[in-house]
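J.: Dropping the structure in here first, questions after.
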Amino acid sequence: MSTLVALWRIPSARFALLVLAAVALLAVFGGALAPHDPLKQYTDDVLQGPSGAHLLGTDYVGRDVLSRLMEGTRLSVLGAVEAVLIGGLLGVPSGLVSAWLGPRLEWITLRISDTLVVLPFTVFAIAVAGTLGNGLQQAMIAIGILISPIFYRVTRAAALGLRKVQYVEAAELMGATEWWTLRRHIWNKVLPNVAVTAAHATGAALLVVASLAFLGLGVTPPAPTWGGMLSSDLGYLAQQPWAPIFPALLMMATVGSLNLLADAVREATGATTAPRRRTRPTPSASREEQRDVVTS
């Protein structure tokens, strides 16, 4: 609770939370709140600009753009969240285990992580879709697998930093089990790093989901998605040059808010998702300053 209070005191975090709350509202209730059926074709109003009847205009077959944006938020956001959950479930436990159960398991998990890191997201997702079928679940499984090394490395780095802390060693000397030590002393220190990573990964997953939908993978038309709307709008830029702006702005606002939230969580909790760079003290620095640099 104290973390949430500290987070709310940061102006950028308040802005990000408000934007993400609006996006979450659209993801849950967008279809019910949409002013029109997102699949209904108004054949007399094809490629119309914003008006009283259609606040953001209509697309190339006369469907209401605002309604499609509101309905498309659900598939776009839920797909990204599902991919991040899969990545976290694969990466976080393996990162904790690799830091605790010896060098052999650590070597195996590191090699698997290195292999997944070099695989391109889009190509791997296309391969999975070609093998398992073109669907949202298959695409999200592919993205989640490729996101998991991010969670693995962040979790492992944070756990290794806590492995030799005095109170952890004292707990082990007093007979505490590894599970009790992880749950009691390690997890609450690792969790802020996982939260920061999850926020960044969700933004990246949103862009990947939009890219796959742009290529016709994951969610197939006529179901609306942000990437699918961008793809269909590009064919009619001469008639509606403003059409791609609406889904692009929604994606930019969501991804930007997630990045702002990640920075705010890092500031509020002191989480570090990367090792600090060591700097060499200058000759004119005081002895106290040199000692602080060396120990940082």
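A short reminder: the numbers here are calculations on the coordinates, not readings from a lab. No experiment lies behind these values; they were computed from the predicted model shown. In this analysis, Cβ positions are derived from the backbone assuming ideal geometry, glycine residues included, and neighbour counts consider all displayed protein chains.
J.: Expressed in nm to one decimal, what extension gain is obtained for the pair Thr43 and Leu18 from 0.36 nm per residue of sequence separation less their Cα-Cα distance? Display every interim value, and only then the final one.
T.: Details: separation 25, 0.36 × 25 = 9.00 nm, distance 3.68 nm.
Net length gain for the segment: 5.3 nm.
J.: For the ranges 219-230, 104-115, what's the packing order if you count other beta-carbon atoms within 10 Å of each residue, average per peptide, and put the highest first?
T.: Working: 219-230: 21.6, 104-115: 13.7.
The most tightly packed comes first, giving 219-230, 104-115.
J.: Continuing with this model, one more query. Can you pull out the chymotrypsin sites (Phe, Trp or Tyr not before Pro) in segment 1-60 that DSSP calls coil and that have at most 15 other Cβ atoms within 10 Å? Numbers along the way, then the final one.
T.: Working: sites: Trp8, Phe15, Phe29, Tyr42, Tyr60; in loops: Tyr42, Tyr60.
Here the chymotrypsin sites (Phe, Trp or Tyr not before Pro) that fit, given the DSSP loop and packing criteria, are Tyr60.
J.: Now for a different question. Express in nm, to one decimal, how much length is gained between Tyr60 and Leu119 on full extension, taking 0.36 nm for each residue of separation and deducting their alpha carbon distance. Let's see the in-between values first.
T.: Values: separation 59, 0.36 × 59 = 21.24 nm, distance 3.63 nm.
Contour length minus the Cα-Cα distance gives 17.6 nm.
J.: Sticking with this one: Can you order the peptides 250-260, 63-73 by their average number of other Cβ atoms within 10 Å per residue, highest first?
T.: On the way: 250-260: 19.0, 63-73: 24.5.
Those peptides, ordered most packed to least, come out 63-73, 250-260.
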